[in-house]
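The values are calculated or read from the model by the stated rules, or taken from the named source; none is laboratory data. Predicted model only: the values in this text are computed from it and were never measured. When we count neighbours, we look across all protein chains shown, and the Cβ atoms used for this are built from the backbone with ideal geometry, even at glycine. All accessible areas refer to the heavy atoms of the entire protein, side chains included, with ligands and DNA or RNA removed. Shrake-Rupley method; radii C 1.70, N 1.55, O 1.52, S 1.80 Å.
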Amino acid sequence: MSAVGRPLDGKVAIVTGASSGIGSATAVAMATAGAEVAIVGRSMDRLEATRERIAEAGKEACAIAADLTAEGAPAEVVAQATERFGGLDVLFNGAGLFELGPFEESLELLDRQWQVNVRAPFALTAAAMPHLRERRGAVIFMSSGAGHGGFSTGSAYCATKGAIELLTKALAIEEAPNGVRVNAIAPGNIRTPMNEGLLADPDYERAMIEATPLGRIGEVDDIAPLAVVLASDASSYMTGHSLLVDGGWNAQ
């Protein structure tokens, strides 16, 4: 790949949720764009497929098995990644949990999803921030179309993604004087292991397609290239934004 096609040359990235789905695709895309990548997931076995794909791109990933909701895990992840690669330029908070249920039965769903979708990326970003400031780096949060518009049975999930939306804005303002950019990506319906059970129902998939102006379910490769742009100098004047990638769903 030419230098023009490697906008992340010389950069180091941590990508969470890298075992599958958007996180895995993003880790591979960042490695292909030239970055050294630390991939993070709960299972080392499940990270292996991502590590193999990164090897095909000519890079050797640092695989870190961690439960980011555990006390001390975020600091340990950052320590391992920076020890391996000597610094940190990009943090992609891709790990997430998606659970639906009636509002009055959703308190436990809220607690679980808050830990994974909000507290864990908050803690990891806090642990990474001193290193990101040193290299005037970038944070990318994984939001959702559900952070821009609600839907039935999604109260708990929407609450967590709404939190990410305002965390992105507040942290962008706070860190701008330090040269750290903070943005989010808000996908719509993307075909990933997280929602494969729902999309296995032909009626559900048909309904989602009919409700999407572009008329299809998104793919992980609709998201990963955008993460590369947000991690690169091409977005150097961009901070505090959440980019909807939802086929037009929230434009209605």
Can you compute the modelled spin-label distance between Ser43 and Arg191, with each label point 7 Å from Cα toward Cβ, in nm? 2.2
For percent of Cα pairs over 24 Å apart, the choices are (i) 51; (ii) 59; (iii) 43; which was calculated from the structure? (iii)
Counting sequence-distant residues (5 or more places) and residues on other chains, those with an amide H built under 5 Å from that of Thr153 are Phe103
How large is the accessible surface per residue of the chain, computed with a 1.4 Å probe and reported in Å² as a whole number? 46
Long-range amide H partners of Leu244, meaning residues 5 or more apart or on another chain whose placed amide H is closer than 5 Å, are Ala186
Tell me the label-point distance for the pair Asn178, Ala65, using the 7 Å Cα-to-Cβ offset, in nm and rounded to one decimal. 3.2
Before anything else, pin down the relative contact order of the chain: Cα pairs under 8 Å, at least 6 apart, normalised by residue count, whole percent. 19
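Within 10 Å, count the other beta carbons around each residue, average over each peptide in 39-46, 10-17, and list them highest first.
So the order, starting with the most tightly packed, is 10-17, 39-46.
Would you compute, from DSSP H runs of 4+ residues alone, the mean residue ellipticity of the chain at 222 nm, taking -39500 (n - 2.57) per run and dividing by the full residue count, rounded to the nearest 500? Write out the running numbers ahead of the final one.
Values: 9 runs with 103 residues, N = 252.
For the chain, the value works out to -12500 deg cm²/dmol.
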Could you give the size of the charge dipole of segment 1-148 about its Cα centre, using +1 on the Cβ of each K and R and -1 on the Cβ of each D and E, expressed in debye and rounded to the nearest 20? 600
Helix by helix, which DSSP H runs in the chain go 20 Å or more along their axis at the Cα atoms and have an average Kyte-Doolittle hydropathy of -0.5 or more? 120-134, 155-175
With charges only on Cβ, +1 for K and R and -1 for D and E, what is the dipole size of segment 108-223 about its Cα centre, in debye, rounded to 20? 540
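Quote to one decimal, in nm, the extra length available between Asp203 and Asp111 on full extension: 0.36 nm per residue of separation minus the C-alpha distance between them.
Details: separation 92, 0.36 × 92 = 33.12 nm, distance 3.01 nm.
Taking 0.36 nm per residue and subtracting the Cα distance, the gain is 30.1 nm.
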For Lys169, counting only lysines whose alpha-carbon sits under 16 Å away and dropping same-chain residues fewer than eight positions off, the answer is Lys161
Does anything in segment 124-144 have its amide N under 14 Å from the 7 Å Cα→Cβ label point of Ala79, and if so which residues? 127-128
Please give the charge dipole size of the chain, origin at the Cα centre, charges +1 on K and R Cβ atoms and -1 on D and E Cβ atoms. Round to the nearest 20 debye. 720
Where Lys and Arg each count +1 and Asp and Glu each count -1, what net charge lies around Ile173 among other residues with Cβ under 14 Å from its Cβ? -1
